[in-house]
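The structure appears below as structure tokens.
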Amino acid sequence: MAGGKHILGGLLFVAAAAVGPFLPAWLISLLTIALASALVVLGLVLLWRAGLVSFGQALYYAIGAYAVALMMRWTGIHDAFLAVIIAAFAAALTAFFVGFLLARYREIFFAMLSLALSMILYGVLVKTEALGSTDGFNVSTPTFLGYAPHGFELTVALYWYALALGAIAAVIVGAYMRSVAGALAVPVRDNEIRVEYLGVSATRLIHLKLVIAGTLGGVGGAIAAMSISHVDPAMSYWTTSGGFVFITILAGAGSVAAAFIGSILFELVRTASVALMPGTWQLILGTVLLLTILFLPDGLGSLFTRRRKVAGESAQ
Amino acid sequence: MLLGLAILTDGLVYAAYLFIVAVGLSLIFGVMKILNVAHGAFYAFGAYCAATAAGMYFDRGLPDAGGFLVMAFAAIAVGLVLGLILERTILRLVYGKDEVIIVLVTYAAFLILEDAIILIWGPSSLSAYQPLVISGNFMIGQLVLSGYDLGLVLLAILLAVGGFLGLRHTRYGRLLTAVIFDRETAAAFGVNVTRFFTITFVIGAMLGALGGAAMAPKISVTLGIGVEVIVLAFAVVAVGGMGSMEGALVGALIVGLCRAAAVHLLPQVELFVIYAVMALVLVFRPHGLFTRAQPRKI
């Protein structure tokens, strides 16, 4: 079953890469941004499986984005590969330190504290004149190991790059979910104390998930920064986190693929609604979120997997 | 000395504002265990309705004092309608689900209501400066204070005292305390918990809208005011302890004074001092200053 999924995923990856150059530029950019969001969402899915919703994932997203922007500005190195490594490292380090604190919290307190932390970063960014304050600043054009494309070529190159990173992340996260540590997520959500009786530290498990999710968030932010070629503090505002949480709920915690499908749908609907019915984007978003929670509590992914979950978790 | 006094008065005014905004959120959380993101939308609706009502009222040249009542009435009315609609149509469908899921449901409602504001009032901003002008200014030593700010502080005190007395000394308040303490036992003793939920949610919504109306004269009533308020109110109730009246009061005072101190002494940290205080409190008291630790269920 898993093998079939891998083959299907591989085929989709090749198809997505192959059609890239034949798509209009706006659609490629949209897909690149969707891939960036999908990485962040993958991290949120990991947390969501353990029953945790982070309303502050924009913290890592913004740190990744600013890390790339600052590296290019300060060192003059524009390499996209190095940029992503630095962004991932910066976000992972943040998640590691913040994790000592966050991993002790559950439910709403976890959501609120992660929200507070991202809002602290927002406050710092807005007040830092050197980083452009509320306007942010522009990100230079990335190069790929010496290859320096421009215009449409750059758009396609970034898309391929995001696609490759997305594929790598999907494989790693998929493998993690099937590992013992990944599989323990659902038991942690259902009954943490029993998990501890089995000799596993739930706190340490969640700390690990936080670091993985943070790293993915940082990489997502790095891609977004290079694709938009601009960073600003709004990237760390709570509404950005809210958008990621939205996609997570829409996609559901069932599968890795759902994170990608959900992100692409999200970006498509956003673009369509902004173009066709300006001023109603949040209305559509809210309605879809509501309908998803009411009628598809396991997300879009559950339409495909048809796996029935034990419905006992809501009865305290 | 003057600086200290300025920090104190600014802090108190800001704390009053925070308390008015956060008390409804705290009430709803205490009774229903719902972290209501839509509270920001209630605030925004309250502000918009109050500003519209004030505009219509003062344009007619009617007596000044009535304007305050009209604004408050407009806000309370819209809070009543929105709270009732939201609780009766959407929230009742998700009672009993995960707390986090309910947060997301209120987030969805918040998004919908935000755009409803654009559809109703359009993108331009409103202002309701008249009450500010009517209230005038007065002096404490060398400090100029606006009468309206004093009014805000009085309103906050009124709400706090009313809340305490209402919870302790009325039949409804005592039953509500029972529901807060143990929902199931209260139900077993014949308390109609469902109706209490509706009433509480509507009162919370009215308080949110009233907060918006109270702030409308001091701010430009524009798109996105709810977005800001919601995280502020979260911070206040998280510091004080969610669902506790004393907590909301103390949380508002701590956050208000810290922000005022930051504004006067270290303006660079003004924006995030609130969240820093919140994070700091949560580090040492994960459930806020005024809540009992919950026993873990095995």
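Can you give me the span-like helices of chain A, meaning DSSP H runs with 24 Å or more of Cα extent along the axis and Kyte-Doolittle mean at or above 1.0?
Working: long enough: A:2-19 (26 Å, 1.52); A:25-49 (35 Å, 2.16); A:58-75 (25 Å, 1.04); A:80-102 (32 Å, 2.60); A:107-127 (31 Å, 1.84); A:151-178 (41 Å, 1.41); A:202-228 (38 Å, 1.36); A:256-276 (31 Å, 1.76).
For chain A, where a helix must reach 24 Å along its axis and average at least 1.0, the hits are A:2-19, A:25-49, A:58-75, A:80-102, A:107-127, A:151-178, A:202-228, A:256-276.
Given a Förster distance of 35 angstrom, what is the FRET efficiency for B:Ala65 paired with B:Leu143, based on the Cβ-Cβ distance and rounded to 0.05? Kindly include the intermediate steps, with their values, before the conclusion.
Working: r = 26 Å, r/R0 = 0.75.
Given R0 = 35 Å and the Cβ-Cβ separation, E is 0.85.
Sorted from largest down, what three extents in whole angstroms do the Cα atoms of the stretch A:194-261 have along their principal axes?
Projected onto its principal axes, the Cα set of the stretch A:194-261 covers 49, 22, 19 Å.
Grab the other residues whose beta carbon is less than 13 angstrom from that of A:Ile86, score K and R as +1, D and E as -1, and report the net.
Values: positive: A:Arg73; negative: A:Asp79.
Residues near A:Ile86 contribute 0 overall.
Choose one of A:Val156, A:Ser29, A:Ala111: the residue whose Cα lies farthest towards the positive end of the charge dipole of chain A (beta-carbon charges +1 Lys, Arg; -1 Asp, Glu; about the Cα centre).
It is A:Ala111, whose Cα lies furthest towards the positive end.
How tilted is helix B:171-181 with respect to the longest principal axis of chain B? Cα atoms for both, answer in degrees (0 to 90, nearest 10).
Computed tilt is about 60 degrees.
Using alpha carbons only, how many degrees (0 to 90, rounded to 10) separate the axis of helix B:99-121 from the longest principal axis of chain B?
Roughly 40 degrees, rounded to the nearest 10.
Which of A:Tyr66, A:Leu46, A:Thr134 sits farthest toward the positive end of the charge dipole of the protein assembly as shown, with +1 on the Cβ of Lys and Arg and -1 on the Cβ of Asp and Glu?
Result: A:Leu46, furthest along the dipole toward the positive end.
Counting Lys +1, Arg +1, Asp -1, Glu -1, what net charge surrounds A:Ala62 among other residues with beta carbon under 15 Å of its beta carbon? Write out the running numbers ahead of the final one.
Details: positive: A:Lys127; negative: A:Asp135, A:Asp232.
Result for the neighbourhood of A:Ala62: -1.
Cβ neighbours within 10 Å, averaged per peptide: list A:96-107, A:114-125, B:163-174 in order, most packed at the top. If you can, show how the numbers build up before the last one.
Details: A:96-107: 17.7, A:114-125: 24.9, B:163-174: 13.2.
Listed from highest to lowest mean packing, they are A:114-125, A:96-107, B:163-174.
Can you give me the distance in nm between label points at A:Phe22 and A:His150, each placed 7 Å from the Cα along the Cα-to-Cβ direction?
2.9
Pop a pseudo-label 7 angstrom from the Cα along the beta-carbon direction at both A:Ser179 and B:Met56 and give the gap in nm to one decimal.
6.3
How much net charge surrounds B:Ala6 when only the other residues with a Cβ under 14 Å from the Cβ of B:Ala6 are counted, with Lys and Arg +1 and Asp and Glu -1?
Neighbourhood net charge equals -1.
Might you report the magnitude of the Cβ-based charge dipole of the stretch A:24-315 about its Cα centre, with Lys and Arg at +1 and Asp and Glu at -1, to the nearest 20 debye? Before the final figure, lay out the partial values.
On the way: 15 positive and 12 negative charges, 155 e Å.
About 740 debye.
Calculate log10 I(q)/I(0) of chain B for q = 0.08, 0.14 Å⁻¹, where I(q) comes from the Debye formula with a single equal point scatterer on each Cα and nothing for solvent.
For chain B, the Cα-only Debye profile gives -0.35, -1.07.
Heavy-atom accessible surface, probe 1.4 Å, ligands and DNA/RNA ignored: which residues of the stretch A:173-208 lose at least 30 Å² versus the isolated chain?
With the partner chains in place, the stretch A:173-208 has these residues losing at least 30 Å²: A:Ile193.
Starting with the highest mean, order B:98-108, B:250-260 by the number of other Cβ atoms within 10 Å, averaged over the residues of each peptide. All intermediate terms of the calculation are to be shown ahead of the outcome.
On the way: B:98-108: 21.5, B:250-260: 23.7.
Final packing ranking: B:250-260, B:98-108.
Going by a 1.4 Å probe on protein heavy atoms, which residues of the stretch A:269-284 end up with at least 30 Å² less accessible surface in the whole assembly than in their chain alone?
For the stretch A:269-284, once contacts with the other chains are taken into account, A:Gly279, A:Gln282, A:Leu283 lose 30 Å² or more.
Ignoring ligands, DNA and RNA, how much accessible area is buried between chains B and A, both sides summed, with a 1.4 Å probe, to the nearest 100 Å²?
Numbers: alone 15100 and 15700 Å², together 26540 Å².
Using a 1.4 Å probe, the pair buries roughly 4300 Å².
Rounded, prolate or oblate: which fits the protein assembly as shown, taking a ≥ b ≥ c as square roots of the Cα gyration tensor eigenvalues, rounded meaning a/c under 1.5, else prolate when a/b beats b/c? Please report the intermediate quantities before stating the final value.
Values: a/c = 1.78, a/b = 1.41, b/c = 1.26.
Prolate, since a/c reaches 1.5 and a/b exceeds b/c.
If you put +1 on each Lys and Arg Cβ and -1 on each Asp and Glu Cβ, how big is the dipole of chain B around its Cα centre, in Debye rounded to 20?
920
What does the highest-first list of A:280-292, A:205-217, A:129-141, B:40-52 look like by mean Cβ count within 10 Å? Don't jump to the answer; show the numbers that get you there.
Values: A:280-292: 19.1, A:205-217: 26.1, A:129-141: 15.0, B:40-52: 29.4.
The peptides rank, most packed first, as B:40-52, A:205-217, A:280-292, A:129-141.
Reported to two decimal places, what Rg/Rh ratio describes the stretch B:156-298 when computed on Cα atoms with Rh from the Kirkwood expression? Intermediate results must be reported in sequence, preceding the final value.
Values: Rg = 17.4 Å, Rh = 17.2 Å.
That ratio equals 1.01.
Per residue of B:257-269, count partner chain C-beta atoms within 10 Å of its C-beta, then hand back the mean as an integer.
Per residue, the number of nearby Cβ atoms from other chains is 1 on average.
In the stretch A:77-119, what residues drop by 30 Å² or more of accessible area when the other protein chains are put back, versus the chain on its own? Use 1.4 Å, and skip ligands and nucleic acids.
Buried on complex formation: A:Leu101, A:Tyr105, A:Glu107, A:Ile108, A:Phe109, A:Met112, A:Leu113, A:Leu115, A:Ala116, A:Met119.
Counting only heavy atoms of protein chains, what accessible area per residue, in Å², does the stretch A:24-315 have with a probe of 1.4 Å? Kindly include the intermediate steps, with their values, before the conclusion.
Numbers: 11610 Å² over 292 residues.
I get 40 Å² per residue for the stretch A:24-315.
Given the rule -39500 (n - 2.57) for each run of at least 4 DSSP H residues, summed and divided by the residues of the protein assembly as shown, what is its mean residue ellipticity at 222 nm, to the nearest 500 deg cm²/dmol? Show your work: numbers first, answer last.
On the way: 26 runs with 449 residues, N = 614.
After summing the helix terms and dividing by the residues of the protein assembly as shown, the value is -24500 deg cm²/dmol.
If I fit a long axis through the Cα atoms of helix B:245-265 and take the longest principal axis of the Cα atoms of chain B, what angle between them do I get, 0 to 90°, rounded to 10?
40
Work from the charge dipole of the stretch A:24-315 (Cβ charges, +1 for Lys and Arg, -1 for Asp and Glu, about the Cα centre) and give the residue of A:Ala253, A:Thr75, A:Ala88 farthest towards its positive end.
Working it through, the farthest residue towards the positive pole turns out to be A:Ala253.
Over the stretch A:24-315, with every protein chain in place, what whole percent of the accessible area is carbon and sulfur at 1.4 Å, could you tell me?
On the way: 8040 of 11610 Å².
Carbon and sulfur together cover 69 percent of it.
To the nearest 20 debye, what charge dipole does the protein assembly as shown have about its Cα centre, counting +1 at the Cβ of each Lys and Arg and -1 at the Cβ of each Asp and Glu?
Values: 32 positive and 26 negative charges, 359 e Å.
For the protein assembly as shown, the charge dipole is close to 1720 debye.
In peptide A:286-294, what is the residue-averaged number of other protein chain Cβ atoms found within 10 Å of each Cβ?
Numbers: counts 12, 4, 2, 7, 10, 1, 2, 10, 6.
Neighbouring Cβ atoms belonging to other protein chains average 6 per residue here.
Would you mind computing, in nm to one decimal, how far apart the modelled labels at B:Leu2 and B:Gln268 are, each placed 7 Å from Cα along Cα→Cβ?
2.6
The values are calculated or read from the model by the stated rules, or taken from the named source; none is laboratory data. Just so it is clear, the model here is predicted, and its values are computed rather than measured. Using ideal geometry, Cβ is built from the backbone for each residue, glycine included, and neighbour counts are taken over all protein chains shown. Just so you know, the surface numbers come from the protein's heavy atoms only, side chains and all, with ligands and any DNA or RNA stripped out. Shrake-Rupley method; radii C 1.70, N 1.55, O 1.52, S 1.80 Å.
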